[in-house]
Amino acid sequence: MTPTCVSALRVETSPIALRGFAFAPLLVSRPMTRRIATIDLGTNTVLLLVAERAESGELVPVVEKATITRLGRGVDRTRRLAEDRVAATVDCLKSYAAIASENGATLVDAVATSAMRDAAGGEPIFQALRDCGSNLRVISGQEEAELTFLGATSGLRVNDASPDEPMVVFDVGGGSTEFVHGVREDGHARIESAVSFDVGSVRLTERHLEGDPPTALSTAALAADLVTTFTPLRPTTKRVVGVAGTVTTLAAIHLELATYEAARVHGLRLPRETVRSIAARLRTMTLEDRMRVVGLEAGRADVIVAGAMIVVAAMDALDASELTVSDRGVRWGLAERALASREL
């Protein structure tokens, strides 16, 4: 059944709209604790966070969901979004809008990244959110970098260093990989530099990998592509954070999590040799075998080889002996920004 849209725009008095949803009828009398919903529409996955401000002032998750819709499938070749992937994404967004409303979110901030920047055919997605009383923004690579850094470092300590020391956050997406060097200061991110490369788990799988398991020739070509692509990177700090589905999946595989546990994944330290070992093991498996790996979601099994190789190449380029895994990203950055600006 296609999820129906639950709109929060109809109110008895003048609505107060903030980047999307206005106050729903039952929420016109503002509760003591307000809730925000944030949506990160990526190339491979659509992420939802419903969060609220705790009495301590910290951001606390109420609902988190991740749905693999593979919106960017084929985009590297066609530069157009596939109709069936657009339809799956529309259904997902309608479902998320309903969840946000049901959980009392008075503000919805939805953004899209790589696939929507790179390809045509996304109007039904924009319309779906408009129908639900919200709007979708396609953010620039610079804003994505800032939100990724702010979100990834939320509630995270890296190498027991002080929170004002510089760190590098890298985000492996389906269509691109971002590297952000910066400092976190009082709920804001001071970005020293940011760079985005058009290499992601979906894009590189389609570009290079052949065979089941992937042939040695195709994986070698992918590895060579990554070495060339990441040549501009230089080691700048030992504090390296990895974020997004590929990295958290590698953590879940390492921990052998039959059921994903964000609390165990967020903040986990993964040595480079551990990541290299997992990537090497995944490369030798057939797709069917990978789908049985504990900790690996079936919907990610076909692109995890490329994703794991990106993580290894990133750590090599940064000369990182280990990375700290973050379960948070753009959606948390949006919520953190709302918290800092007192919208929450």
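The values are calculated or read from the model by the stated rules, or taken from the named source; none is laboratory data. Here the structure is a predicted model, which means the values were calculated and not measured. Note: ideal-geometry Cβ built from the backbone for every residue, glycine included; neighbour counts use all protein chains shown.
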message = So in segment 159-194, with the set limited to residues that are within 12 Å of the chain's Cα centre (by Cα) and in a loop (DSSP other than H, G, I, E, B), which one is modelled with the lowest pLDDT?
response = G175
query = Can you find even one residue in segment 220-229 that is within 22 Å of the chain's Cα centre (by Cα), among the hydrophobic types (A, V, I, L, M, F, W, C), under 30 Å from V63 (Cβ atoms) and assigned to a helix (DSSP H, G or I)?
reply = no
ask   = So which helices (runs of 4 or more DSSP H) are wholly in segment 256-344 and hold at least 2 residues that are in contact with a His (Cβ under 9 Å, 6 or more places away or on another chain) and more than 16 Å from V60 (Cα to Cα)?
value = 272-283
ask   = Of the residues in segment 117-144, how many are part of a helix (DSSP H, G or I) and at pLDDT 80 or above?
value = 11
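Would you point out the residue of segment 278-296, among those that are buried (at least 17 other Cβ atoms within 10 Å of the Cβ) and in contact with a helix residue (DSSP H, G or I) (Cβ under 8 Å, 6 or more places away or on another chain), that is nearest to T45 (Cα to Cα)?
L296
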request  = Could you tell me which numbered condition V325 fails, if it satisfies all but one of (1) modelled with pLDDT of 95 or more; (2) over 30 Å from T228 (Cβ atoms); (3) under 15 Å from the mean Cα position of the chain (by Cα)?
outcome  = (2)
task = Considering each of T249, T259, T215, T228 in turn, give the residue that is under 22 Å from V330 (Cα atoms) and free of Cβ contacts under 8 Å to residues at least 60 places away in the same chain.
result = T249
query = Identify, please: which residue in segment 75-100 is at pLDDT below 90 and in contact with a Lys or Arg (Cβ under 8 Å, 6 or more places away or on another chain) and is, among those, nearest to F197 (Cα to Cα)?
reply = D76
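Inside segment 287-307, can you point out the residues that are of a type in the set (K, R) and over 16 Å from R70 (Cα atoms)? Give the derivation first.
Taking segment 287-307 first, the residues of a type in the set (K, R) are 290, 292, 300.
Selection gives R290, R292.
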task = Go through (1) surrounded by fewer than 17 Cβ atoms within 10 Å (Cβ to Cβ); (2) within 23 Å of the chain's Cα centre (by Cα) one by one and return the number of the condition T236 breaks.
result = (2)
